[in-house]
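Notes to accompany the following structure.
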2 protein chains.
Amino acid sequence: MLSKRVGNSTVAFLNPPSVLGFASVVGKKEGEGPLAETFDYINNDTTFGEKTWEKSETRMQKDALTIASNKANLPISAIQYVFAGDLINQCISSSFSLREFGLPFIGIYGACSTMAEGLGLAAMMIDGGFASVTSAVTSSHFCTAERQYRTPLEYGAQRTPTAQWTVTGSGCVLLGDTGPGPYVTHFTVGKIVDQGIKDTNNMGAAMAPSAHSTLSAFFQDTNTSPADYDLIVTGDLGKVGHEIVTDLLRRDGIIFNGNFNDCGLMVFDLEKQDVHAGGSGCGCSAVVLCGKILNELRSGILNKVVFAATGALHSPVSAQQGESIPGICHAVCLSSKLN
Amino acid sequence: MLSKRVGNSTVAFLNPPSVLGFASVVGKKEGEGPLAETFDYINNDTTFGEKTWEKSETRMQKDALTIASNKANLPISAIQYVFAGDLINQCISSSFSLREFGLPFIGIYGACSTMAEGLGLAAMMIDGGFASVTSAVTSSHFCTAERQYRTPLEYGAQRTPTAQWTVTGSGCVLLGDTGPGPYVTHFTVGKIVDQGIKDTNNMGAAMAPSAHSTLSAFFQDTNTSPADYDLIVTGDLGKVGHEIVTDLLRRDGIIFNGNFNDCGLMVFDLEKQDVHAGGSGCGCSAVVLCGKILNELRSGILNKVVFAATGALHSPVSAQQGESIPGICHAVCLSSKLN
């Protein structure tokens, strides 16, 4: 019965679900970054034609879902279950985008780890025999995140060197029980880790210990090491957090050979784009996955990838009440071929 | 491969997971209501010994999880995956309670439908062969919900007749691959339904169409009718919403015979407790399930129950931007015996 469970917290899929389609939709700044050519749609005024930033974020998710379905050559109605979530209070970006489609909807909340969480659950639903086509979608928008978590843009608040820039973008993946790949082979569900960081302008440091926990668990549960993968990528730790997790893993003897990166470092040019410690947000790892990574898995440039998206599970209220920032990291392993 | 999928949106478990333990924790007002004797713990000052309402809500979840594990005669560490979510921005009640336990954690957001969503996913994880013990937990607190969604309590704002009273309570269920029952036999994932209701003091009306959609789908997918169940219970539609969904189903020819109720009508005495249209909140359906319903399924008073928790997927921001209130309803079918 439990052959699909390996180690303490990892699911190994017996019939790894296949990516059927994927799409990334981004704003202007992301479209000026190093991954520009990997995105399906770049909106150049970042409003996406809507009157409020929240509606813009909703629009991005609708566009990502629509494009991913088109690329999979499937009608949206073929999606049997969709997993979605975002950073905005009560996840309204997801609820209002999915409202349009009439699909069975499962709302999730994993902060910036949402893409990995949704992808893992969507894969479980297929491998468990409950569905043949599922989807995972998420988004973030710089302007909705700033006014909710920090200060309204109009204040022009100064950013600290450790601060990250919330990616304006949405990513969507469609999975199926058969298909051309890449395939989702493993899902490691993270534990909440909180090392007492209280600086809400240093999310990388707050989330790094959870990435350490989940990647350690993943390598142990699967009995593999970094050398077995072409790329291991964290979600949005940025420069500060990625240095911390690299150091924490090195102390355990887990050494990388140029194959460890972070979506927050990949999505922007940190020098030229004035984003301080790098990109962040649910959209950060989602658009890097649904742009560069899945494209390169499909084309065979990459063969095996560990996608470990990270999230900070705090809120402005918890910070005001003196709480530290709990982190979580969920990891999904993708392979271009079935073994 | 898809024998576990029936109809359009229902999962039928091949090896229905068993409830191993369950617990309900409530505040003072709930402890003065008609279900008082079904709760495991009643806190008489509603602070649960904490300094902020948010920390009180976090404490309730910890207590519910601890009591449910004790009742299941299992250490908390035996739980392989836990699903949790709540109403508070960024679901901090769940993140901060689960932070203590070091369990693989999957955050969900379904507003007041969370208990059914978590229970259904926790059951899928077992029936899919990914785990042998999982858990679902949720909560709401009158004081955290009022200040976040409406006005601070100190304002003494007047309540409209259609308003509902957020239940202060937390419910937790532990599921296992074998056990004494009751068993989770089906899970119908809801679609988002929005009929244009904009009155945030009339959640029952906003959510009723989603309950209509999901219950219709459940009866159709399972090829059953209300007469096949001892109890069909909606989450927290209250007086207004429950009348609406009863009427909508009757128009489709789905007639109940005294076996249709609503957790929001059961948890309080509407006449004596001044709660206007009834109870609401994630905790409402959770404590009725983890109190009266599961107790009566265990003792054989009830044999087959459809638990259809409802949620309103709006936020204060979406309401301020003129949006209507999308509703969702997830249904879980429970049976005291395996067929």
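Between B:Asn303 and A:Asn223, what FRET efficiency follows from the Cβ-Cβ distance if R0 is 60 Å, with the result rounded to 0.05? Between B:Asn303 and A:Asn223 the formula returns 0.85. Rounded to the nearest 20, the Cβ-based charge dipole of the range B:22-166 about its Cα centre (Lys and Arg +1, Asp and Glu -1) stands at 200 debye.
Need one value for A:321-327: mean number of C-beta atoms belonging to other chains within 10 Å of its residues' C-beta atoms. Each step should come with its number before you reach the end.
On the way: counts 7, 2, 8, 2, 1, 6, 2.
Mean number of neighbouring Cβ atoms from other chains: 4.
Once the mean 1/r over all distinct Cα pairs of the protein assembly as shown is inverted, what Kirkwood radius in angstroms do you read off?
Numbers: mean 1/r = 0.0412 Å⁻¹.
Taking the inverse mean of 1/r over all distinct Cα pairs, the protein assembly as shown comes out at 24.3 Å.
If you take the Cα centroid of the range A:277-339 and the Cα centroid of the range A:14-38, the two points sit 12 Å apart. Among DSSP bridges having both ends in the protein assembly as shown, what percentage is antiparallel? Round to the nearest 5. In the protein assembly as shown, DSSP labels about 65 percent of beta bridges as antiparallel.
For the range A:182-237 versus the range A:59-124, the inter-centroid distance based on Cα atoms is 23 Å. Modelled this way, with points 7 Å down the Cα-to-C-beta line, the labels at B:Asn73 and A:Ala36 are 6.7 nm from one another. One quarter of the surface of the convex hull around the alpha-carbon atoms of the range A:183-335 equals 8.9 nm², the direction-averaged projected area.
Sort the range A:5-176 into rounded, prolate or oblate with this rule: let a ≥ b ≥ c be the square roots of the eigenvalues of the Cα gyration tensor; rounded if a/c is under 1.5, and if a/c is not under 1.5, prolate when a/b is larger than b/c, oblate otherwise.
Details: a/c = 1.91, a/b = 1.58, b/c = 1.21.
The shape class here is prolate.
Specify whether the C-alpha gyration tensor of the range B:142-211 places it in the rounded, prolate or oblate class, a ≥ b ≥ c being the square roots of the eigenvalues: rounded for a/c under 1.5, otherwise prolate if a/b is larger than b/c and oblate if not. The partial results should precede the final answer.
Numbers: a/c = 3.62, a/b = 1.63, b/c = 2.23.
Oblate.
Farthest toward the positive end of the dipole of the range B:139-196, out of B:Gly169, B:Tyr149, B:His186, is the Cα of B:Tyr149, where the dipole comes from beta carbon charges about the Cα centre. Our coupling estimate for the range B:55-63, obtained by passing each phi through the Karplus curve with A = 6.51, B = -1.76, C = 1.60 and θ = phi - 60°, is 5, 5, 5, 4, 4, 4, 5, 4, 5 Hz, Gly and Pro reported as x. Using a 7 Å offset from Cα along Cα-Cβ at A:Asp199, what residues in the range A:242-282 end up with backbone N under 18 Å from the label point? From the range A:242-282, the list is A:242-248, A:275-280.
FRET efficiency for B:Arg159 and B:Gln320, Cβ-Cβ distance as r, R0 = 22 Å, nearest 0.05?
Details: r = 20 Å, r/R0 = 0.91.
After rounding to 0.05, the efficiency reads 0.65.
Sorted shortest first, the distances from the B:Asn15 label point to those of the same residue in the other copies are 1.7 nm; each point sits 7 Å from Cα along Cα-to-Cβ.
With +1 on each Lys and Arg Cβ and -1 on each Asp and Glu Cβ, how big is the dipole of the protein assembly as shown about its Cα centre, in debye rounded to the nearest 20? Walk me through the numbers on the way to the answer.
Details: 46 positive and 62 negative charges, 119 e Å.
In debye, rounded to 20, the protein assembly as shown gives about 580.
By the scheme Lys and Arg +1, Asp and Glu -1, what is the net charge of all other residues having a beta-carbon under 11 Å from that of B:Glu146?
Working: positive: B:Arg147, B:Arg150, B:Arg159; negative: B:Glu154.
Within the 11 Å Cβ shell, the charges total +2.
A run of chain B free of exposed loop cleavage sites, with trypsin sites (Lys or Arg not before Pro) counted only in DSSP states other than H, G, I, E and B and at most 15 other beta carbons within 10 Å, reaches its longest extent at B:52-158. Over the range A:188-243, the hull volume per residue, using the convex hull of the C-alpha atoms, is 85 Å³.
Pop out the Kirkwood hydrodynamic radius of chain B from its pairwise C-alpha distances, inverse of mean 1/r, in Å to one decimal. Walk me through the intermediate numbers first.
Details: mean 1/r = 0.0518 Å⁻¹.
This gives a value of 19.3 Å.
Only the coordinates and a few stated rules stand behind these numbers; no lab work does. Owing to the predicted nature of the structure, the values given are computational and were not obtained by experimental measurement. Cβ atoms come from the backbone with ideal geometry, glycine included; neighbour counts cover every protein chain shown.
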